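Reviewing the structure listed below.
The values are calculated or read from the model by the stated rules, or taken from the named source; none is laboratory data. Keep in mind that this is a model prediction, so the values were computed, not measured. Positions of Cβ are backbone-derived with ideal geometry, glycine not excepted, and every protein chain shown enters the neighbour counts.
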Amino acid sequence: MTGSRSAGGRCTTPDDAGIAAAVELLRAESVVAFPTETVYGLGADAFSEKAIGEVYRLKNRPSWNPLIVHVATVDAARALAASWPAVADRLAAAFWPGPLTVVVRRAAHLTAVGAANDTIAIRIPAHEVALRLLAASGLPLAAPSANRSEGISPTTAGHVLRSLPDVPLVLDGGACSWGIESTVLDLTAEVPRLLRPGALNLRALREVTGAIALPEADTADGADRSSPGMSRRHYAPRATLVLAKDVDPAGLAGPVGVLTYESADAAGAEILSADPREYAADLYAALHRLDDAGVATILVQEPPQTEDWLAVRDRLARAAAR
């Protein structure tokens, strides 16, 4: 097998030998980290309670936080559902493979994974390595982000190894193109409901679904939920993250990192694009760089209050929560 060892975990190129090694681990009820177009996922056989348990153990993830199941085809998605509404087919035709997760009623035979309220979250990833792994394994793969719970999601293999040094294998597919998690829509009611804003914006989704209901209130930690990404604190760096209209670090104690989408006077500031998609693609990588620089505080310019920035505002608000 090609690849190298690093920090207790193995990182390998996703050639035929690397995919074969990953499939061997998955079929042995172990776990594998792999790239998607959104972030790197920590994959496990969705039918294996042992493998799912290992995902929760490695991530130190609370048991009430459900997982998204990744599949290779729409037929495979339907096989995991007790019912498959017509809107799911329309969304799949428009956006799969891609960064959209749908929540439907869970099939009775799928007991290892899913929310406590009999639903399951499913998507088809738009990444060659993920699709090859799904096809080669023949398994639906439950795969949350491949990092410790509450931490910054990984967009490179190096991020995975630093956060989860004991992961058995990481397929290195380079940097993730979208850089932010999938949008999650609940399709169990007559009107689709947004559970997690993400890479796909609501404007594009409404062209297929019509009306989309927005969350009425935050979901309390520990409460049943149908989607990940709803915890009060999530996506957080080790440094204290502070959102502010003014990114002047004067008066803040200790080394301070600055993240902005405009020009900044602070030395070493991370200046991202003013385009919300481009900003989202670089957000986690920028937070990783500032964390790795050892700053005590990351001062982040508040994003615009427009719908196109909804997913970015969601991630930053949860990262800033105490």
Among (1) at pLDDT below 95; (2) surrounded by 18 or more Cβ atoms within 10 Å (Cβ to Cβ), the one test that Thr111 misses: (2)
Among the candidates Ala130, Ala157, single out the residue that is at pLDDT 95 or above and farther than 22 Å from Leu185 by Cα. Ala157
Within the group Gly138, Gly173, which residue is over 17 Å from the mean Cα position of the chain (by Cα), within 28 Å of Ala92 (Cβ to Cβ) and not charged (D, E, K, R)? Gly138
Evaluation of Pro215 against (1) part of a loop (DSSP other than H, G, I, E, B); (2) at pLDDT 90 or above; (3) closer than 30 Å to Ile120 by Cα (one fails), failing number: (2)
Asp45 - would you say it is touching a residue at least 24 places away in the same chain (Cβ under 8 Å) and either assigned by TED's automatic domain parsing to the domain that holds Val102 or of a type outside the set (S, T, N, Q) (or both)? yes
What do you reckon, is Thr119 under 16 Å from Gly179 (Cα atoms), in contact with a Lys or Arg (Cβ under 6 Å, 6 or more places away or on another chain), touching a residue at least 24 places away in the same chain (Cβ under 8 Å) and not assigned by TED's automatic domain parsing to the domain that holds Arg315? no
The range 303-319, subset in contact with a helix residue (DSSP H, G or I) (Cβ under 8 Å, 6 or more places away or on another chain) and among the charged types (D, E, K, R), residue surrounded by the fewest Cβ atoms within 10 Å (Cβ to Cβ): Glu307
All but one of (1) closer than 14 Å to Val69 by Cα; (2) touching a helix residue (DSSP H, G or I) at 6+ places or on another chain (Cβ under 7 Å) hold for Pro14; state the number of the condition that does not hold. (1)
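Just the residues that are of a type outside the set (Phe, Trp, Tyr) and closer than 13 Å to Gly179 by Cα, please, taken from the range 273-308. Walk me through it before giving the result.
Quick first cut of the range 273-308, residues of a type outside the set (Phe, Trp, Tyr) only: 273-278, 280-283, 285-308.
Pro276, Arg277, Glu278, Ala280, Ala281, Asp282, Leu283, Ala285, Ala286, Leu287, His288, listed by residue number.
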If we ask which residues in the range 74-91 are without any contact (Cβ under 8 Å) to a residue 60 or more places away in the chain, surrounded by fewer than 22 Cβ atoms within 10 Å (Cβ to Cβ) and in contact with a helix residue (DSSP H, G or I) (Cβ under 9 Å, 6 or more places away or on another chain), their number turns out to be 5
Counting only residues that are within 19 Å of Glu150 (Cβ to Cβ), outside any helix (DSSP H, G or I) and free of Cβ contacts under 8 Å to residues at least 60 places away in the same chain, how many does the range 284-322 have? 4
Subset of the range 246-283 that is of a type in the set (S, T, N, Q) and part of a loop (DSSP other than H, G, I, E, B) - its residue that is modelled with the lowest pLDDT: Ser263
